[in-house]
Amino acid sequence: MGTVLWLKFLDQTSKIVTTLTAAVLLYTRSAGVAYFVTGAVLCSALAKCIKRAIRQERPLLHSGRKVSYGMPSSHASACTFFATYITTTCLQLPVHPTLPSSAMFTPLVILPWTFMIVVSRVQLGHHTWPQVAAGTALGACCASFWFKLWVDDAAGVKTTGWEVEAMVKSWLGQ
């Protein structure tokens, strides 16, 4: 019974992660967080485009077939994007001034949570192991690429982000 409840909870993680991400974005008003969110959305959209191109069926579910394709798992790609980007950020960049210094320990929560989500996609019958492996690889690659663009300030993305963040703070009187 406990395993079934845990899997049902993990099946709803996209709502939980979206809510937590929106809360962090609104709380920090950080250009870096907005950039991160943009990358996560683009990674998820890329996974969905790849699904339509590959058109690999999902495994049979108890209630029939799901209407979308399964390769790669967009849950796995999005969660792995989050885990990879956040872990890399915590290891290589200072904590945003609006967050407590304990935020640097976020990977201790997000890495096991990501692992459980990815495994649950197979246990719930939504994906096969190759589908979640492909999603995981896609998420890690996208996050690594997106983080490098930020750190290297490619096309001035980080500089522009900081300028926009400062502008928003001045509008809000902070």
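The values are calculated or read from the model by the stated rules, or taken from the named source; none is laboratory data. As the structure is a prediction and not an experimental result, all values here were calculated from the model. Note that each Cβ is placed from the backbone with ideal geometry, even for glycine, and that neighbours are counted across all protein chains shown.
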Quiz prompt | Subset of segment 113-165 [basic (Lys, Arg) and under 14 Å from Ser73 (Cβ atoms)] | solution = Arg121
Exercise. Filter segment 98-128 for residues that are within 21 Å of Ala53 (Cβ to Cβ) and out of contact with any helix residue (DSSP H, G or I) (no Cβ under 6 Å at 6 or more places or on another chain) and give the result.
Key: His126, Thr128
Exercise. Any residue in segment 80-98 that's within 14 Å of Cys142 (Cα to Cα): show its pairings with residues that are basic (Lys, Arg) and in a helix (DSSP H, G or I) at Cβ separation under 6 Å, as long as the two are six or more apart or on different chains.
Key: none
Self-check item: Scan of segment 42-66 for residues that are part of a loop (DSSP other than H, G, I, E, B) and at pLDDT below 70, ordered by number
Solution: His62, Ser63, Arg65, Lys66
Quiz prompt | Given (1) free of Cβ contacts under 8 Å to residues at least 12 places away in the same chain; (2) under 30 Å from Gln56 (Cα atoms); (3) not charged (D, E, K, R), index of the condition Ser101 fails | solution = (2)
Self-check item: Matching helices (runs of 4 or more DSSP H) fully within segment 79-174 where at least 2 residues are exposed (fewer than 15 other Cβ atoms within 10 Å of the Cβ), among the aromatic types (Phe, Trp, Tyr) and modelled with pLDDT of 85 or more
Solution: 129-151
Quiz item: So which pairs qualify, if the first residue must be in segment 118-129 and of a type in the set (Ser, Thr, Tyr), the second must be buried (at least 18 other Cβ atoms within 10 Å of the Cβ) and outside any helix (DSSP H, G or I), the Cβ gap must be under 7 Å, and the two must be at least 6 apart or on different chains?
Solution: Thr128/Gly70
